[in-house]
1. From A:Leu228, A:Leu161, which residue is surrounded by 22 or more Cβ atoms within 10 Å (Cβ to Cβ), more than 12 Å from ligand 1 (Cβ to nearest atom) and over 30 Å from B:Asn160 (Cα atoms)?
2. What residue, among those in region C:285-305 that are farther than 17 Å from D:Gln333 by Cβ and in a loop (DSSP other than H, G, I, E, B), is nearest to the other protein chains (Cβ to nearest Cβ)?
3. So the check is Cβ under 6 Å with 6+ separation or different chains; which pairs have a first residue in region B:61-72 that's hydrophobic (A, V, I, L, M, F, W, C) and a second one that's within 11 Å of ligand 2 (Cβ to nearest atom) and in a loop (DSSP other than H, G, I, E, B)?
4. Take region B:164-174 and flag every residue that is near ligand 2 (Cβ under 9 Å from one of its atoms) and either closer than 30 Å to B:Glu217 by Cα or surrounded by fewer than 24 Cβ atoms within 10 Å (Cβ to Cβ) (or both).
5. Mind telling me which of the residues C:Gly59, C:Gly82 ends up being within 21 Å of C:Leu156 (Cβ to Cβ), within 16 Å of ligand 1 (Cβ to nearest atom), part of a helix (DSSP H, G or I) and not charged (D, E, K, R)?
6. Do any helices (runs of 4 or more DSSP H) lying entirely in region A:144-256 carry at least 2 residues that are under 30 Å from A:Val284 (Cβ atoms), and which ones are they?
7. Give region B:125-149 a look and list any residue that's within 14 Å of chain A (Cβ to nearest Cβ) and more than 16 Å from ligand 4 (Cβ to nearest atom), or say none.
Amino acid sequence: MPSELWSLYALMLKSRLFEEAIAKLWHDGLISGEMHLGTGEEAIIAGVVSQLRKGDAMALDHRGSAALLMRGADPVLILRELLGYPDGLCGGMGGHMHLFSKEYLAASSGIVGAEGPTATGFALSAQFSHPGAIAVAFFGEGAMNQGMLMESLNLASAWNLPVLFVCKDDGWSITTQSERVTGGDLNERARGLGVPAVEVDGCDVSEVWEASHSAIERARSGQGPTFLHARCMHFEGHFLGFQLLRIVRDPFREMPEIAVPLTHSFLRPGGAALRERVAGLKKVLAAVLSTLRDLRRDSANDPVRRARKTLLSDPVRLQELEDQIEQEISHVLASALAEVPS
Amino acid sequence: MPSELWSLYALMLKSRLFEEAIAKLWHDGLISGEMHLGTGEEAIIAGVVSQLRKGDAMALDHRGSAALLMRGADPVLILRELLGYPDGLCGGMGGHMHLFSKEYLAASSGIVGAEGPTATGFALSAQFSHPGAIAVAFFGEGAMNQGMLMESLNLASAWNLPVLFVCKDDGWSITTQSERVTGGDLNERARGLGVPAVEVDGCDVSEVWEASHSAIERARSGQGPTFLHARCMHFEGHFLGFQLLRIVRDPFREMPEIAVPLTHSFLRPGGAALRERVAGLKKVLAAVLSTLRDLRRDSANDPVRRARKTLLSDPVRLQELEDQIEQEISHVLASALAEVPS
Amino acid sequence: MRTLFFTQAIDDALAQAMADDPRIIVFGEDIPLLRRNLLARFGPRRVRGTPISESAFLGAGVAAAMAGLRPVVEIYMVDFLGVCMDALLNHAAKVEAFSGGKWTAPVVVRVPCGGGYGDGGQHEQSLWGWLAHIPGLTVLVPSTPADAGGLMLAALQHDGPVIFLEHKLLSETWLEFLGSGARRTVQYDVPAEGAKGAVLQNWEPVPIGKAVLRRAGDDVTIVSVGVGVHRALEVAQALEMEGISAGVLDLRTVSPLDKTAVREAVAQTERLLVVDEDYEGFGLSGELSAVILEAGISCKYARVCTQTTIPYARHLENQILPNRERIYASVRQLMQ
Amino acid sequence: MRTLFFTQAIDDALAQAMADDPRIIVFGEDIPLLRRNLLARFGPRRVRGTPISESAFLGAGVAAAMAGLRPVVEIYMVDFLGVCMDALLNHAAKVEAFSGGKWTAPVVVRVPCGGGYGDGGQHEQSLWGWLAHIPGLTVLVPSTPADAGGLMLAALQHDGPVIFLEHKLLSETWLEFLGSGARRTVQYDVPAEGAKGAVLQNWEPVPIGKAVLRRAGDDVTIVSVGVGVHRALEVAQALEMEGISAGVLDLRTVSPLDKTAVREAVAQTERLLVVDEDYEGFGLSGELSAVILEAGISCKYARVCTQTTIPYARHLENQILPNRERIYASVRQLMQ
Ligand SMILES: Cc1ncc(C[n+]2csc(CCOP(=O)(O)OP(=O)(O)O)c2C)c(N)n1
Ligand SMILES: Cc1ncc(C[n+]2csc(CCOP(=O)(O)OP(=O)(O)O)c2C)c(N)n1
Ligand SMILES: [Mg+2]
Ligand SMILES: [Mg+2]
């Protein structure tokens, strides 16, 4: 057990509870549009972010809240941003997909793959003005098919930039199973772009910490970028209120709305031959079924619970820590909701 | 010696003489802006294009004239297009970077990397409407760093499309040596995008023919795309009037204009330390020197001469063929220049 | 006559066209699930999912159209066209010109646009005026289910590239997918007439380039598209009480503009208010004023548009998007 | 005072700024050779070549600017922004808004534009009006060496993203590189005043957003940028003989527009002719008419712009670009 595990667990738990608070705000209707959580990817974020220091930069995707929190940004400011308050992190102008912190050199984007160019630019600045500093890009496996991200891997390699490209592979791009639209192997792809690739279990925070530790050292010492490929699982599906999960969780309410028009369309005259139609129907069902199958709540896939298991060896300390974090987050929530500006 | 060599040589020679005619028109000022020739890459074009048939499509880059000629398009129409005549291939609207032939399903683009999406779309149409037909993309090694081309390799792999991606690697992107800005290995990159890669000597037309023959067969029979990596050399540099080559060919005329401001700037107060300046100067000189070094006129690198060497075993037939082609091209030139529309 | 929701109408018209024309195929990210009804009827060869590679698959759509198919390429949001504009700017829009008129790319790009549900400035842009700047692109922005279906049919018959913009605030499907996520706790200011409406039993094409006068008016002409049309209609109704007669012209097509309809309406009222959810500068609102000036019509003019990046916070967003209050105030000012 | 060519002036001003400000770095394709003079003075750390990966390196420029550098990112031609618009549309232009005003991206995008040398429709676009549509971007289009250098200096001091457009027909360097290739057999219709001119010994910034009246006139105001300014000046001179007094306003900055200067000039002449090499619809020419109408100024209006994809053939190209004949005819018509 690495000595870091306690602090990594603390980071992860804090993030989990924080995001659960966000989910509550969202369900209560205090947050309006899309909301992508990072629950399930905490080990990846914690394993990497815990090693960042002043001058390091982060390019975040649509699930950036956790990274920003772990990096040290004020959680009340983040929540107030999500609530759209004028004293939120970005004055209510950004929202969860556009969290920006100049202080922590952290920039988010809702454009899939944009983390690549952004991290590369941050790293260029680091290489130029702050040798030893690095930049991290967090993105999903789906983003690996976006041209600008691939270009960025190559650019970071050509310029030998201090970037850690972190691919959080949950297997899904919204409702698409990424492997069905992705050729080859992502690690080989990264290597074919000149960036060494490291594979890691994204549910194991210690493993992520170790692997990224070496990669970050490499980057800090001027040896260039690394691609870190880490598998994980998103418990809430793509975003809160995700249709595929709703179907699975509450089929009686959700299925009719979907099944009726689907059947209707399947039976409608005009269109493909029966065999083609059946193939089409199968594809739709397959998407639903694979959601059913992937057992997001299996605790083996929950990085927080996995780390906790090890720490159970010291239950007193664990209890104390958990109480403290729970309290902290409930304070955060209370402050975030207090003094709603008029 | 494959039986095809005679016809391949004929195609290459025709193309060479045709492009030399274009060069003359350009030098005479009858063509206005940029002019990129394909002289030096004839073996790649001939090896592939000679195997295309009705229904097959081509996505061409900024050096598309040769492919279109070899595919069978009327050379007079091509020349009249380059001359900007209303009865040119595209009514004078396209020019050499935008040659379009609906008849031969051939589309050009001056946007580096655009051949990827275009060939992929042609192949999708083939897969859908004309099983057995294929699409070819011709592009340079520099284009392999353009996101949309990488995306296209992946898309062709994911959809198992009948595409032959032909990378004509002359080592240069205008004045940049591509390997200095390219990470990893292009074949590994293609494989990491799910496309099998084949390496071939792009100056050897028979080798290109063999390799592309298998790849085309694979595509026709529904086994998906192939990446063909072929090295070659462009005798005229990037385009006609290319500065680096002008320096090499006529240093006394060209050097002063370049050297004077360069030296001036090098010596100017304010700026980097001497070491940095020297490093900068070295980079500039390196570009010029590597142009000097790469001996573009070495006949071993000339695919036309290389094929000719083998055919010299039958000098009579060779002479006949060459006379015929020369005559043909001079007729073409004459017709192209005739009846200049008012 | 049937009553359909906005997106339902588009899908229904598309299905009718697909049944008639085997060259139509549909692809984009998540299309197997988003267009599951088409998938179950037309099969996986014609309804396909793509990787998140907009440049590749949009460009492929352009070329597939050139080669004889009639692809409907779906992009998740108009904002994301930023990553793949080349396919529109330098290819789709230019094939016909480059080929000397001999070749075209009849691709339909179907893409959600617009704001009003709190998704922030990278996901709520309109950009129709931006797209219309490029010669060679047809840009459609329907405001009702009937027009949406009819224009989709017209787009599929058009012999060139068409951008079909689907306003998310009118779309029950997108609003649920990207906005509420089936929550009952949030509400959006959805124009009822736009979200749901009567449509023909069998779709007929709605002509491209023809505006429609949604409401006649003598004092001022409000010209708009999409959600703006409904906002304008509401304000026009309210103004009636005050004795101000405001007409509302729904352009439906942004490019090519129905200049005749604009000129006729404005020549009569001599007052033009443009309500445009797209950005104010260098866009639709400016172009309309040029149309008027070129015709030598003299008129009072104002515009209510989006002037800045769209804020995330709902109350700020509401202020920045063309809302009833701003429209109302502008009309009042034009009447002075 | 010295006399410099257009591109020389830009490079000279850039060099002066680089000597003063170590945060300025320059990168783009072929930059080591194209900016060899800067490379030999400032070294390879500050002057870099890139792969043909516009999305990556333009996006990197935006982020590097956020992190404290002052990158000058060069893109080969404005047409190629199609492949990397996302970096401008959704990032550079929006950082300031998204961060609640706390963070900006002071990146300068230097990019050649414009036609007149036979490179065809994918390589001769102007697109300044298109770029100006996006709130948050500053768009500069100098027409003389003095303005070019001065505006480059201003761009480098500006605290936000700036698109610096360098018209190829004014640039001896680009015209040789992309046009003549050192041939003596071709000639281009280059405006002498734009290609070469007097500049200060030490560069001073030319203020962003300030137009300049190149020529006063009582009868008609011609508003233009870039090469169009020179074409307009020539026509104005010719018209003088005929007793028509035409003023020429050089905007220099397309966004933000110098609305005051436009209003003042047009209010006086009551006739506005826009000469715009960018596409006609939904662009600069429309925006200028809106500025006039919003101000309640009544005027006669016409525009001479590029209406279609630019043809390859030189004679067709000359007809389609705003040429003297079209400008002349438009003024005459406005005078009727
Ligand atoms: C350029 C672009 N295309 C499409 C989208 C819509 N979109 C948002 S998230 C997403 C899926 C991303 O999948 P992945 O990269 O695996 O990340 P994950 O959501 O699984 O964490 C898509 C397609 C977008 N935001 N940007
Ligand atoms: C998107 C884009 N970026 C840049 C250019 C400018 N450009 C034209 S050709 C070229 C070099 C291409 O190199 P490569 O792909 O190796 O082809 P080659 O010219 O060597 O045949 C460049 C950078 C362009 N046309 N399009
Ligand atoms: Mg994923
Ligand atoms: Mg090359």
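The values are calculated or read from the model by the stated rules, or taken from the named source; none is laboratory data. Not measured: the values here are computed from a predicted model. Methodologically, a virtual Cβ is constructed for each residue, glycine included, from the backbone with ideal geometry; neighbour enumeration extends over all protein chains shown.
1. When all the criteria are applied, what remains is A:Leu161.
2. C:Ser298
3. B:Ala66/B:Gly38
4. If we filter region B:164-174 for residues that are near ligand 2 (Cβ under 9 Å from one of its atoms), which is where we start, we get B:167-174.
Selection gives B:Cys167, B:Lys168, B:Asp169, B:Asp170, B:Gly171, B:Trp172, B:Ile174.
5. On the way: C:Gly82 fails: within 21 Å of C:Leu156 (Cβ to Cβ).
Matching residue, one of C:Gly59, C:Gly82: C:Gly59.
6. Working: elements: A:147-158, A:186-192, A:205-220, A:243-249.
Helices (runs of 4 or more DSSP H) meeting the threshold: A:147-158, A:186-192, A:243-249.
7. Let us first name the residues in region B:125-149 that are within 14 Å of chain A (Cβ to nearest Cβ), namely B:128, B:141-149.
B:Phe128, B:Gly147, B:Met148 - these are the residues of region B:125-149 that are within 14 Å of chain A (Cβ to nearest Cβ) and more than 16 Å from ligand 4 (Cβ to nearest atom).
Table: residues versus (1) on the phi > 0 side of the Ramachandran plot; (2) buried (at least 24 other Cβ atoms within 10 Å of the Cβ); (3) not charged (D, E, K, R).
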{"residue": "D:Val109", "(1), (2), (3)": "no, yes, yes"}
{"residue": "D:Gly116", "(1), (2), (3)": "yes, yes, yes"}
{"residue": "D:Trp128", "(1), (2), (3)": "no, yes, yes"}
{"residue": "D:Gly136", "(1), (2), (3)": "yes, no, yes"}
